[in-house]
Amino acid sequence: MGGLAARLAVVGLALVLVMGGVAADTPDRNGQAVSTATTNFSRAEPLEALSGGTATNRKRFGHDAFSEPAASMSFDKRRDFFLGNGLFRTRWVAAPGAVGSADGLGPLYNAQGCQRCHLKDGRGHPPDDPENGAVSMILRLSIPPQSDEQRRRLAERRVLSIPEPTYGEQLQDLAIAGQRPEGRVLLTYRARSMELDDGTSVQLRTPHYTVAGPAYGAMHPATMLSPRVAPAMIGLGLLEAIAAQDIIAAADPDDADSDGVSGKANLVWSDQQQRVMLGRFGWKAAKATIVDQSAAAFFTDLGISSPLATNHWGDCSEAQSECRAGPHGGDGHALEVSGDSLDKVVFYSRHLAVPERRNVDDSKVLRGKALFYASGCIACHTPKHRTRADWPLPALAAQLIWPYTDLLLHDLGEELSDGRPEGEASGREWRTPPLWGIGLSETVSGHTYFLHDGRARNLMEAILWHAGEALASRDAVRRMKAADRQLLLDFLNSL
């Protein structure tokens with residue numbers, strides 16, 4: 001923890017990150033800490049099937065499996081959930097629209113609504129046809145700092161990256177009438193083979209991204225591109241309810257225990273809280289709260305202003321004068337989504353339930369679980385946590401949850417690097433994604449594309465792309481017999 005403590009001291013955060021709640025990891029009835037990994041794989045652990053605690057969705061496991069409200073939510077709060085769902089599904093239009101509360105799209109944007117990327121609240125995918133827009137995947141843009149002022153803002157965490165001077169933080173490949181989209185994402189793949197120890201050959205695909213037809217001139221020569229598919233929405237409120245100190249306690253940025261696995265926190269500015277906090281959300285843990293994440297998505301993905309992002313032109317830079325002069329909505333007010341509407345979307349996002357596990361007592365699943373643990377995967381994919389007992393949302397408080405993430409940044413090797421720093425995260429470092437619900441991805445989203453850019457076409461490919469801190473675990477899987485690899489997949493598909 002020495003390296004992390006030093007970084008906290010530099011930005012004056014040592015107390016901020018440990019305030020706000022009693023540590024959740026108290027001993028269970030056997031005297032063990034809740035997060036202690038099991039060594040008994042003869043049967044399922046108590047409550048293991050309830051991935052989201054009492055908030056778990058135990059009703060639907062089909063196409064709508066990710067769209068159920070938290071089962072622990074009181075009846076009187078369900079109205080807010082369904083109002084938020086309606087806003088999440090809203091198809092925004094350019095101003096002036098017939099419904100003033102749903103206009104103000106763009107002028108430049110990536111999608112017309114939240115559901116367009118998070119279809120059925122599931123994960124996105126790389127573009128099938130870039131001619132129609134890279135819907136459910138975006139391309140982040142940034143450059144190295146060019147001035148002392150930019151370096152100061154980075155050091156203070158006021159920003160995590162420096163936007164491309166003309167095109168901003170993100171490439172918007174769609175535009176309202178009378179405006180020009182910024183360009184198109186062109187994606188090509190190069191195939192390569194990976195040989196497993198039993199002679200099996202797995203075909204992997206390496207993506208390459210370019211921007212075709214940049215409408216506002218050439219990009220800065222040092223521009224860095226980072227593709228990101230939309231993640232699944234389930235369980236976000238439960239992840240937010242884990243005590244910050246419980247997450248930070250697992251960080252080992254200098255690998256003090258010499259196990260080859262580091263893990264570090266991303267320290268980010270929260271527009272909601274107006275302070276630097278622990279980042280939890282996004283592929284690089286770049287957002288501290290669901291409010292921050294939601295407001296940023298409205299702003300950059302849809303060009304919609306809110307109380308946390310008030311410019312009605314969205315991500316348009318000063319160089320895009322016609323965009324800044326474009327129409328904006330909000331019933332004649334400055335903001336296009338009100339504070340009340342943003343709150344309802346956030347309430348909805350916080351209370352989307354995690355589906356119940358399937359087949360937790362199946363012998364094949366239990367053997368696969370043992371292989372997952374023995375391969376060292378739980379060094380990053382921490383199986384369970386307890387949410388804060390004093391969390392202000394009762395439906396999410398004091399829950400034993402099984403997300404299979406530590407919410408920390410880890411180096412996954414050069415081949416998965418996007419070459420683009422974001423706060424504490426280097427190009428090679430990514431936040432450990434939660435695995436809960438991953439076995440229902442195809443059912444909900446209609447595909448099995450995984451990793452931050454969807455390059456993996458199935459779970460085995462996703463595993464084989466791991467390197468860096470995960471290299472030993474990846475190689476353990478490469479050494480497995482085909483039957484054991486299938487058991488591992490049986491376990492993952494039960495999540």
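Worth pointing out:
Per-residue answers, yes or no, for (1) in contact (Cβ under 8 Å) with a residue 12 or more places away in the chain; (2) of a type in the set (Val, Ile, Thr); (3) surrounded by fewer than 20 Cβ atoms within 10 Å (Cβ to Cβ):
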site	(1), (2), (3)
His447	yes, no, yes
Arg455	yes, no, no
Asn458	no, no, yes
Glu469	yes, no, no
Arg479	yes, no, yes
Leu487	yes, no, no
Asn493	yes, no, yes
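- Of the numbered criteria (1) under 18 Å from Leu278 (Cβ atoms); (2) in contact (Cβ under 8 Å) with a residue 12 or more places away in the chain, the one Pro392 fails is (2).
- Filter result for the condition that a residue is closer than 17 Å to Val229 by Cα, among the β-branched types (Val, Ile, Thr) and assigned to a helix (DSSP H, G or I), over Val444, Val477: Val444
- Test: residue in the stretch 93-104 that is under 30 Å from Phe450 (Cα atoms) and touching an Asp or Glu at 6+ places or on another chain (Cβ under 9 Å): no
- Residues in the stretch 338-396 that are buried (at least 19 other Cβ atoms within 10 Å of the Cβ), among the aromatic types (Phe, Trp, Tyr) and more than 20 Å from the chain's Cα centre (by Cα) were compared, and the one that is nearest to Phe281 (Cα to Cα) is Trp391.
- The residue pairs whose first member lies in the stretch 289-305 and is buried (at least 24 other Cβ atoms within 10 Å of the Cβ), whose second member is in a helix (DSSP H, G or I) and among the aliphatic types (A, V, I, L, M), and whose beta carbons are closer than 6 Å, counting only pairs six or more residues apart or on different chains, are Ser294/Val345; Ser294/Val346.
- Of Asp254, Asp259, all but one fail to be at pLDDT below 95 and touching a helix residue (DSSP H, G or I) at 6+ places or on another chain (Cβ under 6 Å); the exception is Asp254.
- Residue match in the stretch 204-227 (condition: surrounded by 18 or more Cβ atoms within 10 Å (Cβ to Cβ), charged (D, E, K, R) and either closer than 28 Å to Pro434 by Cα or in contact with a strand residue (DSSP E or B) (Cβ under 7 Å, 6 or more places away or on another chain) (or both)): no
- When Leu141 is tested against (1) buried (at least 22 other Cβ atoms within 10 Å of the Cβ); (2) farther than 25 Å from Gly427 by Cα, only condition (2) is not met.
- Among (1) crowded, with 18+ Cβ neighbours inside 10 Å; (2) over 15 Å from the mean Cα position of the chain (by Cα); (3) not β-branched (Val, Ile, Thr), the one test that Asp257 misses: (1)
- Those residues of the stretch 102-136 which are aliphatic (A, V, I, L, M) and either surrounded by 24 or more Cβ atoms within 10 Å (Cβ to Cβ) or more than 16 Å from the chain's Cα centre (by Cα) (or both), in sequence order: Ala102, Leu105, Leu108, Ala111, Ala134, Val135
- For the stretch 148-180, filtered to residues that are part of a loop (DSSP other than H, G, I, E, B) and more than 25 Å from the chain's Cα centre (by Cα), the residue that is surrounded by the most Cβ atoms within 10 Å (Cβ to Cβ) is Gln179.
- Residues of the stretch 106-135 classified as part of a loop (DSSP other than H, G, I, E, B) and under 23 Å from Phe347 (Cβ atoms), total: 7
- Per the conditions (1) part of a strand (DSSP E or B); (2) surrounded by 24 or more Cβ atoms within 10 Å (Cβ to Cβ), the sole criterion not satisfied by Ile234 is (1).
- Search result, residues across the stretch 78-101 that are under 26 Å from the mean Cα position of the chain (by Cα), of a type outside the set (Asp, Glu) and assigned to a helix (DSSP H, G or I): Arg78, Phe81, Phe82, Leu83, Gly84, Asn85, Gly86, Leu87, Phe88, Arg89
- All of (1) in contact with a Gly (Cβ under 6 Å, 6 or more places away or on another chain); (2) within 20 Å of Cys377 (Cα to Cα); (3) buried (at least 22 other Cβ atoms within 10 Å of the Cβ); (4) not aliphatic (A, V, I, L, M) hold for Pro434 with one exception: (1).
- Considering Gly439, Gly454, Gly427, the condition of being over 22 Å from Glu356 (Cβ atoms), in contact with a helix residue (DSSP H, G or I) (Cβ under 9 Å, 6 or more places away or on another chain) and either in a helix (DSSP H, G or I) or not β-branched (Val, Ile, Thr) (or both) is satisfied by Gly427 alone.
- Taking first residues from the stretch 166-185 that are farther than 19 Å from Pro127 by Cβ and touching a residue at least 24 places away in the same chain (Cβ under 8 Å) and partners that are surrounded by fewer than 21 Cβ atoms within 10 Å (Cβ to Cβ) and of a type in the set (Asp, Glu), the Cβ contacts under 7 Å between residues at least 6 apart in sequence or on separate chains come to Gln179/Glu322.
- Index of the failed condition, Glu68 passing every other in (1) surrounded by fewer than 20 Cβ atoms within 10 Å (Cβ to Cβ); (2) at pLDDT 95 or above: (1)
- Positions within the stretch 112-133 being at pLDDT below 90 and farther than 23 Å from Glu336 by Cβ, in sequence order: Pro127, Asp128, Asp129, Pro130, Glu131, Asn132
Okay, residues lined up against (1) in a loop (DSSP other than H, G, I, E, B); (2) closer than 30 Å to Asp390 by Cβ:
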{"site": "Met219", "(1), (2)": "yes, no"}
{"site": "Leu225", "(1), (2)": "no, no"}
{"site": "Leu238", "(1), (2)": "no, yes"}
{"site": "Pro253", "(1), (2)": "yes, yes"}
{"site": "Val291", "(1), (2)": "no, yes"}
{"site": "Ala296", "(1), (2)": "no, yes"}
{"site": "Asp301", "(1), (2)": "no, no"}
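The values are calculated or read from the model by the stated rules, or taken from the named source; none is laboratory data. The structure displayed is predicted, hence computed values, not measured ones. When we count neighbours, we look across all protein chains shown, and the Cβ atoms used for this are built from the backbone with ideal geometry, even at glycine.
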